[in-house]
Each structure stands twice: as C-alpha cells, then as structure tokens.
1. Tell me, yes or no, whether the range B:136-154 has at least one residue that is on the phi > 0 side of the Ramachandran plot, among the small types (Gly, Ala, Ser) and open to solvent by 10 Å² or more (accessible area, probe 1.4 Å).
2. Within the bounds of the range B:157-166, is there any residue that is within 14 Å of chain A (Cβ to nearest Cβ), under 18 Å from the mean Cα position of the chain (by Cα) and within 22 Å of B:Leu129 (Cα to Cα)?
3. Being out of contact with any strand residue (DSSP E or B) (no Cβ under 8 Å at 6 or more places or on another chain), over 19 Å from B:His125 (Cβ atoms) and crowded, with 22+ Cβ neighbours inside 10 Å is the filter here, so list the residues in the range B:43-94 that pass it.
4. Of the residues B:Ala76, B:Ala45, B:Ala2, which single one is free of Cβ contacts under 8 Å to residues at least 40 places away in the same chain, more than 21 Å from B:Gly272 (Cβ to Cβ) and among the hydrophobic types (A, V, I, L, M, F, W, C)?
5. Does the range A:89-100 hold any residues that are closer than 24 Å to B:Phe64 by Cβ, aliphatic (A, V, I, L, M) and more than 8 Å from chain B (Cβ to nearest Cβ), and which are they?
6. Please state which one of B:Leu65, B:Leu54 is of a type in the set (A, V, I, L, M) and in a loop (DSSP other than H, G, I, E, B).
7. Here are some residues: A:Asn28, A:Asn57, A:Asn39, A:Asn78. Which one is over 21 Å from B:Thr234 (Cα atoms) and at the interface with another protein chain (Cβ under 8 Å from one of its Cβ atoms)?
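The values are calculated or read from the model by the stated rules, or taken from the named source; none is laboratory data. The structure presented is a predicted model; accordingly, all values stated were derived computationally and were not measured. Quick reminder, even Gly has a Cβ in these numbers, built from the backbone with ideal geometry, and neighbours come from all protein chains shown. Heavy atoms of the whole protein, side chains included, go into the accessibility calculation; ligands, DNA and RNA do not. Shrake-Rupley method; radii C 1.70, N 1.55, O 1.52, S 1.80 Å.
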Amino acid sequence: MNGGKQKKVIPGTVLFDGDMARKGYALNKMCFSFNSADNRAEFKADPSAYCDKWGLNAQQKAAVLSLQVLDMLAAGGNAYYLAKLGGIYGLDMQDIGAQQTGVTKDEFKAKLVAAGRN
Amino acid sequence: MAKIVGGINVTHVPYIGRAIANNLQQDPYWKPFFDGFPPVRDWLAKVKPDVAVLIYNDHGLQFFLDKMPTFAVGAAAEYRNADEGWGIPTLPPYKGDEDLSWHLIDSLIEDEFDIVTCQEMLVDHAFTLPLELFWPGQHPCPVRTVPINVNTVQFPLPKASRCFKFGQAIGRAIESWDSDARVVVIGTGGLSHQLEGKRAGFINKEFDLMFMDKLVTDPLWVTRYSVPELVELTGTQGVELLNWLTCRGALSGDVTKVHANYHIPISNTASGLLAMQVA
C-alpha cells in the first residue's frame, strides 16, 4: 500500500486517501445508500442485517452497531458518508464532534465559539 | 463575448438549509452569518448576471467512491437536488445552460483539462444553498446555472496551483463564449473546519482571514502550501478553500472586494463570504 511514500502526520487526523478508500469501501457504500428514505428505514428496522447485506467486515459492523465514530473512521469510514448514518440517529455535527473529542456537546460548542474570539 | 461580472465565495454548511426552512435568519445564532448577505444581493441586483457557474464539491449525493472525478462539468438542461440523508429540505430544480456547458467542455479540454462531462447531475447543498443565500426564496432561481465539481473528498485532491489554473481556464472559456450573457462565478465551501477525528472542531481564524485577504490581492499566495499542509492549517474540510481559489482563478487581472463577512461558528465551521468584482 502507498508505495512506501511518507505520509504527512497531522495529529488527530487521517487523510481519506486510497488506503482508506479501499479499506472502507463497503462501509461507505452502505452509508451512501442512506440517501434513500427506504434504505434508512430498512437499516433502522434491523441494523445488523443491513450491515451484513452490504458486506461490512466485523470491525466495520461492530463500529456501526456501537455508534462509535472514531471506530468507524478507523475502519475506513469517510466523514461525509458517515454523516448520513449520523442523520438516522438524529446526531448533528456537534454531537459527533463531542463524541470524537471526549467532551460534552456543550463543551464542544463552547470550544467552537472560543475559536472565534482568538 | 460573454462577460464575467465577478466572483463570490461562500460557505455551504448543510444546516444553513434548515435555518432558512425554519426562518432563523434573525435568530441570535444565525444572524451574524445571514447579515453578511444583503450587500452581496444588492451588488448582484446591480451587475445582473444571467448565468452562475458554481464551483463546489459534492458530498456523496451525485458521486460515490466507485467513480470519483477530480473535475466534473454539468451539461444538463436542468439540475435536481435530492435527499442527502441528513434531513435538510430538498429544493426545486435549477435551470442549466447547455450552450455554456458545452462551450466550457470544449474549451477546457482544448486547454488540457480533461474533465468528466455529466448530462445528468444531482446537485447537493454545496450548489443549492449558495443560490438560496444570494437569491432567497426565488424559485425558479433567476439565473441559469452550470455546476463544476471539484473532488475534495478522496485524496489525492488537485493541488492548489492546479485549481487556480483550472479556474483561469474556466475564465478563458467563459470570456470566449459567443454570447452576450453576464456570468457570475461562485465558489463554495470552507473556511476552516474539521468534522472527523480527534481534531474535530479545529478552526484557524488567523489563517482564514489571511487567506481571504490574499485571495483578493495575491491569490497565488496559498499555492505555496501542499494539500496535506492545507489540511493541517484549515482542517480536513477546510481544504474546500480549493473551490474559492478555483473561482478566483476565473477572474482575470486585478479584482476589488465588494463585500466580505466572516463568522465563527456555523455548525462546526468558520463561515466566510467574499464577493469580488473584476476591476
């Protein structure tokens, strides 16, 4: 993978490159299907069966069923497609941001506001 | 020949759609963002564009990872919005301009930009919301449109210098179009934000303000940075500033700032607005 090239290391960040696109293909494809309301309903009715239908591997399925965003990213998930899964659970970007950074939603929102004051 | 009246760059966060649908423009959270737009609408009323060329990135409505074009140009009579999966209202269709689309395609490929052409193309919030912000509540939208999609989803992304040159080629194409149409170029996305990972919520006000300033006076300034460096400086989605740079590339010669606004936060994003007029 990656032809031995050095990747830039950015703390807390993984670039969604070819390695991740290969790794996460099934997970992202499932999330892409959530553009359809029928598919969202089918997922909600039986998340586990829906993950199997789209061929998610064990790591991807466990991440989806536990709703752990960092685990979904580690399994190759892309933020834009994962956001469609978040939408099914009514999670907005501050919910997702708070979960990933280990703070409460209010704390996460306060951090964003603080970034505007610097 | 067609005339480029100017360019406008603007943020495209999905929740802007919900705020519009719920009439929250004067809500304290949204007001600093929405209050940026009246001067731009006034300028548009004055320069009267017939066509808008929109440079943006799709977020998994039209394009998936099965086929991911670096640059794609719409060539349809009409562009439809559709369910994006995150619960924002679907907006009515937008009128295309097939003559300009095919002139752009001919000219860009002659200029060695081997773009993907799309006679069917769904347009997501990154296309629809800027039009809603510039021409609020006007359905159908009063301008014809041409969507130009830039990949900012799957790395490697096109380099900043390449995006600027792509924008220059778009500008040359528009200005060589045998038409008396007036064209506004719109670039959407940014500014600094990062949705995913332990660095989620990253914002860089200092860099954003420098970028907005330099985009007017010295647009090549940002091309000193590689795409990974831009991610480090602006976040994984802040890199959508490539769409702003492409838009700026389409404006030849000196430009002047018509109006700018910058506000943190809208959702997880540092929101920016910058309208420029060709001097």
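1. yes
2. Checked against the condition, which is being within 14 Å of chain A (Cβ to nearest Cβ), under 18 Å from the mean Cα position of the chain (by Cα) and within 22 Å of B:Leu129 (Cα to Cα), the range B:157-166 yields no hits at all.
3. Matches in the range B:43-94: none.
4. Answer to the selection: B:Ala45.
5. Result: A:Leu91, single match.
6. B:Leu65
7. Just a single option satisfies the conditions, and that option is A:Asn28.
Here's the yes/no breakdown for (1) buried (at least 24 other Cβ atoms within 10 Å of the Cβ); (2) within 11 Å of another protein chain (Cβ to nearest Cβ); (3) over 18 Å from B:Pro39 (Cα atoms):
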{"residue": "B:Ala200", "(1), (2), (3)": "yes, yes, yes"}
{"residue": "B:Ile203", "(1), (2), (3)": "yes, yes, yes"}
{"residue": "B:Phe207", "(1), (2), (3)": "no, no, yes"}
{"residue": "B:Thr246", "(1), (2), (3)": "yes, no, yes"}
